[in-house]
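Asks: Got a structure here, written out as structure tokens. Questions coming.
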Amino acid sequence: MTQTPATPLPPPKERRRLREAASLTQAQLAERVGVSRETVRAWETGRTSPRGRKREAYAKLLNDLAEDTPATEETEAAVEAVAAVVPEAQPEPPHADIVVVEIPVPHTDPAPAPLTPAQAFDALYAFCSPSLVRQTYLLTGRRELARESMERAFQTAWQRWPEVAVDRDPAGWVRSVAYEYALSPWHRFRPRYRHPEPPPPAPADRALLTALLKLPPSYRRTLLLYDGVGLGLAEMAAETEASTPAAANRLLHAREAVAARLPELSDPTELHRRLTELASTGRLHAAKPPVVRFVGERRAVFWTRAAIAFTVTIIGATTLTVRTAPTHYEPPVPLGQRVEGVPARVVQGSLSEEEVRLRDRLRTGMTAGPERLLPSSR
């Protein structure tokens, strides 16, 4: 049995260009193909790829859009440049010698130089940090903890940059680390986080933030990823390390809990709008990218030195134990055997005059008979 080859598709950037050239939104294209808007967004970003009948329908639609889309300005300029340097074809006379004509190639701009790791990290930080610090604020309700969680996530990303740089979704990698740090239960033992921060000034924002903080951490994270960030159900389940049915149940229960406290937010569209407004109300400042990289490097150096010192301590303690431990076995003394080395018993010497007088006084002062045992009636 032979397998039918998959229908070829253009690159993700070309898919998005064709859709925008046809003045179609992701929702309209999703309706034509028969999928959700999140699925189309995943296809255009390259995170997933369509399969089966959906792939055929998507490829046919893109082919139709490519035929209806006029050539871009860059393409027309390239064609005109080639036409200007290539002479028009002349009819070849009979029995003419073959002449090789060299066609000059039009000058093209050199490819841009690749970014350095620091430049790539700074670009990712500038793109993700404003939204990420607002998302962590919705998770915790604390501005300082939100800023700290975001910076700690990017410091971890800089320490593991070779892994993050080749990840399919670097923003999702950093977001997952920030959420895990922000929802850590160990923050409750820190003295600075025992007292609540001032709530938002608007009563509606204060009520929404209170409703969010009443949710369990897993429900709060699921609601924020789906209705706040806009991830799909499968992507949200993968990021929260849960199955798709479990993530869907968490989302439904979280929506029901918020709608029970705030009935006007039963509509997901209105809930998304209010979450965006609440995240944008607070003034959340973040450090500059060089500062984050510098602090991350210092923390990595500190923990490396601490690990080395701990290892040296363990080695020193082990060496000291080996050097001071006995090198041979000494069996215990068996019963009935004479013990050697015990000092001889010393005979008591004569008493002094004071000790003799004390002895006589004690002997004469003591009475014999029942009077020593029974109390006297006198």
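Read-outs throughout are calculated quantities, based only on the coordinates presented, and are distinct from any laboratory measurement. This one's a predicted model, so the numbers in the text were calculated from it and none came from an experiment. Cβ atoms come from the backbone with ideal geometry, glycine included; neighbour counts cover every protein chain shown.
Asks: How much length, in nm to one decimal, is gained on full extension between LEU213 and ALA171, taken as 0.36 nm per residue of separation minus their Cα-Cα distance?
Replies: Length gained between LEU213 and ALA171: 12.7 nm.
Asks: Which of the peptides 32-38, 22-28 is most tightly packed, and how do the rest follow, going by the mean number of other Cβ atoms within 10 Å of each residue?
Replies: Ranked by mean Cβ neighbours within 10 Å, highest first: 32-38, 22-28.
Asks: Another question, if that's okay. Would you kindly state how much longer the chain becomes between THR276 and GLU353 on full extension, computed as 0.36 nm times their sequence separation minus their alpha carbon distance, in nm to one decimal?
Replies: 17.4 nm
Asks: Report the FRET efficiency, 1/(1 + (r/R0)^6), for TYR329 and ALA307, where r is their Cβ-Cβ distance and R0 is 35 Å, rounded to 0.05.
Replies: 0.40
Asks: Could you calculate the FRET efficiency of ARG190 with GLU31 from 1/(1 + (r/R0)^6), where r is the beta carbon distance between them and R0 is 56 Å, rounded to 0.05?
Replies: About 0.70, to the nearest 0.05.
Asks: Translational diffusion coefficient, Stokes-Einstein: compute it for the stretch 119-249 using the Kirkwood radius over C-alpha pairs as Rh, at 25 °C and 0.890 mPa s, and state it as an integer in µm² s⁻¹.
Replies: D = 157 µm²/s.
Asks: What's the center-to-center distance, using Cα atoms, between the stretch 7-21 and the stretch 223-299 in Å?
Replies: Here the two parts' Cα centres lie 29 Å apart.
Asks: Please identify the GluC sites (Glu not before Pro) of the stretch 226-312 that satisfy two criteria: DSSP loop assignment and at most 12 other Cβ atoms within 10 Å. Which are they?
Replies: Passing both the DSSP loop test and the Cβ count: GLU241.
Asks: Count neighbours as other Cβ atoms within 10 Å of each site's Cβ, and list the trypsin sites (Lys or Arg not before Pro) in the stretch 210-309 that are DSSP loop with at most 15 such neighbours.
Replies: Here the sparse-neighbourhood loop sites are LYS214, ARG283.
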